[in-house]
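The values are calculated or read from the model by the stated rules, or taken from the named source; none is laboratory data. Fair warning: this is a prediction, and the values are worked out from it, not measured in the lab. Cβ atoms come from the backbone with ideal geometry, glycine included; neighbour counts cover every protein chain shown.
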Amino acid sequence: MLDEKTLNLDLKTTLSKHRLVGLYQLMKGFRWHYFGAMLSVAAGATIRTLYYRLLQYVVDDVFGHSNMAHQLPMAAAGFVGIAALEGLFAYLRGTWAAKTAEGITLRLRNYLFDHIQRLSFGFHDYVKTGELIQRSTSDVDALRRFYA
């Protein structure tokens, strides 16, 4: 699970003039997972191109020449291998992106709860509770979808 240091990041350190820098700072403790997910996307796309190269080989060389029919089982094994690798990278991408998104979301929710809890009574008397909860929930969920 998450360690206390990763979970209790002071979110005031993520403030920046540039929003992308702030979003990058918010990923502290989850950067390796996020970059691993991005590399898995790239690897999956690269492997997908191997599928088309293998298909080109099968159509042009194996089906084009009758003496190459013995290569067909190897080509079939190649298709299965490519599908397995694509599945592996899709799994890694989903797992690592979800870990990043859910970890950052948990961190933000804890920070928001702590911040709202420390606001003055006058603020809570003035602001409608349902509006505050709805806005907090939708903003945090938008960030979760961004990272996922």
Residue check, A69 over 20 Å from A148 (Cβ atoms), aliphatic (A, V, I, L, M) and surrounded by fewer than 11 Cβ atoms within 10 Å (Cβ to Cβ): yes
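So, of the residues in the stretch 110-148 that are in contact with a helix residue (DSSP H, G or I) (Cβ under 6 Å, 6 or more places away or on another chain) and closer than 19 Å to R31 by Cα, which turns out to be surrounded by the fewest Cβ atoms within 10 Å (Cβ to Cβ)? Steps first, answer last, please.
Initially, the stretch 110-148 is screened for residues in contact with a helix residue (DSSP H, G or I) (Cβ under 6 Å, 6 or more places away or on another chain), giving 111-112, 136, 140, 144, 147-148.
Still in the running and closer than 19 Å to R31 by Cα: 140, 144, 147-148.
Values: V140: 18, R144: 19, Y147: 20, A148: 15.
So the residue we want is A148.
Restricting attention to the stretch 107-114, does a residue exist that is of a type in the set (K, R), within 30 Å of W32 (Cβ to Cβ) and modelled with pLDDT of 90 or more? So that I can check it myself, show each step before the final result.
Filtering the stretch 107-114 for residues of a type in the set (K, R) gives 107, 109.
Next cut, within 30 Å of W32 (Cβ to Cβ) only: 107, 109.
Next, only the ones that are modelled with pLDDT of 90 or more stay: none.
Scanning the stretch 107-114, I find no residue that is of a type in the set (K, R), within 30 Å of W32 (Cβ to Cβ) and modelled with pLDDT of 90 or more, so the answer is no.
For the stretch 94-104, state whether one or more residues are acidic (D, E), free of Cβ contacts under 8 Å to residues at least 40 places away in the same chain and part of a helix (DSSP H, G or I).
First, pick out the residues of the stretch 94-104 that are acidic (D, E): 102.
Cutting the leftovers down to free of Cβ contacts under 8 Å to residues at least 40 places away in the same chain gives us none.
No, every residue in the stretch 94-104 fails to be acidic (D, E), free of Cβ contacts under 8 Å to residues at least 40 places away in the same chain and part of a helix (DSSP H, G or I).
Quick one: would you say A37 is surrounded by 15 or more Cβ atoms within 10 Å (Cβ to Cβ), closer than 30 Å to F146 by Cβ and touching a helix residue (DSSP H, G or I) at 6+ places or on another chain (Cβ under 6 Å)?
Numbers: surrounded by 15 or more Cβ atoms within 10 Å (Cβ to Cβ): yes; closer than 30 Å to F146 by Cβ: yes; touching a helix residue (DSSP H, G or I) at 6+ places or on another chain (Cβ under 6 Å): yes.
Answer is yes for this residue.
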